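The values are calculated or read from the model by the stated rules, or taken from the named source; none is laboratory data. The model shown is predicted, which means the values in this text are computed figures rather than measured ones. In this analysis, Cβ positions are derived from the backbone assuming ideal geometry, glycine residues included, and neighbour counts consider all displayed protein chains.
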Amino acid sequence: MSIRVKYSNLDELVYEKLKKAILNKHLKPGEQIIQEQLAKKMGVSRTPLRRALTQLAKEHLVTTGARRGTYVREFSQEEIAAIYEIREVLEGLASRKAALLVKKSTLESFRNLYKEAIESARKGDWRAYEKADEKFHFFLIEISQIDFLREMVKSFYILVSRYARGLVRPPEETFPEHMSMIDALEHHDSELAEKLIREHIQKSIQLLRKKTFREEAGNERRQKLGIRAGN
């Protein structure tokens, strides 16, 4: 019995360390994971490492193939936009539920949190605003009291924080939107709360799609220039 517990703990330890290395970008997107080398570096056999990689593949953090090997997953702007589309639906549902359950005192604390964060952002500390934003969106999921929804959105946030660089839109643009969302929640207006958060996320989706279009256009131009240079 004690051996099985220790074995299980080792699997969990390897999984957590490897996941942390990916999320902290010690292992970069597109980087190949050579199992033998990594197992040696971590001081474990390849068995718990393989189990960890299998779990991380299910979470879309790595990709594996029989002949291609294992790589840290890369996401395109279009794929990030698709994740935001799913978030739009899920957080819209959560906001509708949250509007019926939230307490005014809790919303006031978030209003103050955002006001402090926007001041920090104006001084150049966007990270403070990013943390406040993440905390607010997770709060909506928590207060909705839908357990499976919380786990789904959490996994999407992990992917977005791993591959999207910081905030999609500047704090000065999103701050009034958050204040409007808090007002709708405070008035227990479930329809308006859902409408506002979906519009809020839709704007980020549109911006991500514009970036995708510009990147594709730039790649096409570079390819044409390369062909001409070859001639």
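Tally up the residues in the stretch 32-48 that are touching a Lys or Arg at 6+ places or on another chain (Cβ under 6 Å) and surrounded by fewer than 16 Cβ atoms within 10 Å (Cβ to Cβ), please. Talk me through it step by step, then tell me what you get.
To start, the set of residues in the stretch 32-48 that are touching a Lys or Arg at 6+ places or on another chain (Cβ under 6 Å) comprises 35, 39.
Of the ones still in play, those that are also surrounded by fewer than 16 Cβ atoms within 10 Å (Cβ to Cβ) are 35.
Here the count works out to 1.
Which ones in the stretch 14-33 are under 12 Å from Val72 (Cβ atoms) and at pLDDT 85 or above?
Leu18, Lys19, Ala21, Ile22, His26, Leu27, Lys28, Pro29, Gly30, Glu31, Gln32, Ile33
Which of (1) closer than 30 Å to Gly30 by Cβ; (2) crowded, with 16+ Cβ neighbours inside 10 Å does Glu194 not meet, given it meets every other one?
So the condition that Glu194 fails would be (1).
Which number in (1) modelled with pLDDT of 90 or more; (2) buried (at least 19 other Cβ atoms within 10 Å of the Cβ) marks the one condition that Leu61 misses?
(1)
If you check Glu173 against the conditions, is it charged (D, E, K, R) and at pLDDT 95 or above? Talk me through it step by step, then tell me what you get.
Details: charged (D, E, K, R): yes; at pLDDT 95 or above: no.
Taking the combined requirement at face value, the residue does not satisfy it.
If you go through the stretch 22-53, how many residues are over 25 Å from Leu159 (Cβ atoms) and of a type in the set (A, V, I, L, M, F, W, C)?
Of the residues in the stretch 22-53, the ones over 25 Å from Leu159 (Cβ atoms) are 36-37, 39-41, 43-47.
Pick out the ones that are also of a type in the set (A, V, I, L, M, F, W, C) and you get 39, 44.
Summing the residues that are over 25 Å from Leu159 (Cβ atoms) and of a type in the set (A, V, I, L, M, F, W, C) in the stretch 22-53 gives 2.
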